[in-house]
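Asker: Structure below; questions to follow.
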Amino acid sequence: MLQNNNNNIEVGRFVVSPMTQARDGGGFDALVSIRSGRGMASVDRVMRFTPQFISPQAALRYAQDQGLAWARCH
């Protein structure tokens, strides 16, 4: 189950939403949604990262850092 703690961050024309997901065997995945545009012209990119984390807080922090870095470069 994905968890988004409403940590939406606006960076220019993007909205970065870091998320976590518990793994079946233990640990957590880091994911981030990056949205731009409005209505029918909106685009939502979702990225899942390779590292496994032992806590949801660590996964959320990683997703946030990666999402912000991506948004600042684009």
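Here, each number is a calculation from the coordinates, and none is a lab measurement. What you see is a predicted model, and the numbers here were worked out from it, not measured in a lab. Glycine also receives a Cβ, built like all others from the backbone with ideal geometry; neighbour counts cover every protein chain displayed.
Asker: Provide M40, M47 in ascending order of the number of other Cβ atoms located within 10 Å of each residue's Cβ, fewest first.
Answerer: Result, fewest neighbours first: M40, M47.
Asker: Quick one, which of (i) 14.5; (ii) 12.4; (iii) 13.7 is the actual Kirkwood radius over Cα pairs in Å calculated for this model?
Answerer: It is the one labelled (ii).
Asker: Compute the signed sum of charges (Lys and Arg +1, Asp and Glu -1) over the other residues within less than 13 Å, Cβ to Cβ, of F14.
Answerer: +3
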